[in-house]
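Undergrad: Sharing a structure, written as structure tokens. Questions coming.
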Amino acid sequence: MPRPVHILSLLHDDDIEWLAQVGLRLNLAQVAPLVEEGMRNPFLYIILSGAFLVTSSVVGVTGERPISILQRGELVGELSFLDGRPPSATVRAARPSQVLAVSRSEVMRKLGADLGFAARFYRALGITAAMRLRTQTHGQEAADGEPDLEQLGPVTVDEGRFEAIMCRLEAPQAGAGAAS
């Protein structure tokens, strides 16, 4: 089974701290939509808990076809962030879930002000998009499904660091209503 790849591992600790500070924590009930196909959304989301079903409508067919399930630590909304177009899929909570919502405008400001963050962030989005496309076209169990870790660098993250990253993102915002 392939090792989990988390784009958050490509970001520095201060990048994670910034995301935790500017992000809004949103709780969603089961079946609540996070992103709706064709409807613009000004946020990029990091799943903090729960799971989300990704579906897409099929032209000429009633209903939606399931595409994938996204879980803790994964991004939602990265393609719309990259190309500025409305989402091509609907993302709904598969069970009660929580996300960290970071506004596109906040991210764009940070990208313009911090070139190191920009390089790490865009690389992370590119790797995320590539891995999702490969999973969709070749399936989870493809023989060549594991990334070439030597080529990608540190995209896997040990469980200890992953847990530390997720705990930091899940924590209440530092300074929000509290004295420093």
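Undergrad: Only one residue in Arg65, Arg132, Arg92 is more than 22 Å from Arg25 (Cα to Cα), at pLDDT 80 or above and not hydrophobic (A, V, I, L, M, F, W, C), so which one is that? Write out each step before concluding.
TA: Details: Arg132 fails: at pLDDT 80 or above; Arg92 fails: more than 22 Å from Arg25 (Cα to Cα).
The match here is Arg65.
Undergrad: Mind counting the residues in segment 102-130 that are hydrophobic (A, V, I, L, M, F, W, C), farther than 26 Å from Arg65 by Cβ and touching a residue at least 60 places away in the same chain (Cβ under 8 Å)? Break it down stepwise before answering.
TA: Taking segment 102-130 as the starting set, the residues that turn out to be hydrophobic (A, V, I, L, M, F, W, C) are 102, 107-108, 111, 113, 115, 117-119, 121, 124-125, 127, 129-130.
Checking the rest, the ones that are also farther than 26 Å from Arg65 by Cβ come to 102, 107-108, 111, 113, 115, 117-119, 121, 124.
Subsequent filtering for residues that are touching a residue at least 60 places away in the same chain (Cβ under 8 Å) retains 102, 107, 117, 121, 124.
Total satisfying the criteria: 5.
Undergrad: Considering only residues that are in a loop (DSSP other than H, G, I, E, B), open to solvent by 40 Å² or more (accessible area, probe 1.4 Å) and not hydrophobic (A, V, I, L, M, F, W, C), which ones fall in segment 25-70? Let's see the steps before the verdict.
TA: Keep residues of segment 25-70 that are in a loop (DSSP other than H, G, I, E, B), which gives 29-32, 36-42, 50, 58-63.
Then drop every residue that is not open to solvent by 40 Å² or more (accessible area, probe 1.4 Å), which leaves 29-31, 36-42, 58-63.
Those that are in a loop (DSSP other than H, G, I, E, B), open to solvent by 40 Å² or more (accessible area, probe 1.4 Å) and not hydrophobic (A, V, I, L, M, F, W, C): Gln30, Glu36, Glu37, Gly38, Arg40, Asn41, Pro42, Gly60, Thr62, Gly63.
Undergrad: Name every residue in segment 76-91 that is within 30 Å of Gly160 (Cβ to Cβ) and assigned to a strand (DSSP E or B), in order of residue number.
TA: Val76, Val91
Undergrad: Let me ask something else. Which condition number in (1) part of a loop (DSSP other than H, G, I, E, B); (2) open to solvent by 50 Å² or more (accessible area, probe 1.4 Å); (3) small (Gly, Ala, Ser); (4) in contact (Cβ under 8 Å) with a residue 60 or more places away in the chain is the one that Gly73 fails?
TA: (2)
The values are calculated or read from the model by the stated rules, or taken from the named source; none is laboratory data. Predicted model, so just to flag it, every value in this text is computed and none were measured. As a convention, Cβ positions derive from the backbone with ideal geometry for all residues, glycine included, and neighbour counts pool all protein chains shown. SASA here: full protein model, heavy atoms, side chains in, ligands and nucleic acids out. Shrake-Rupley method; radii C 1.70, N 1.55, O 1.52, S 1.80 Å.
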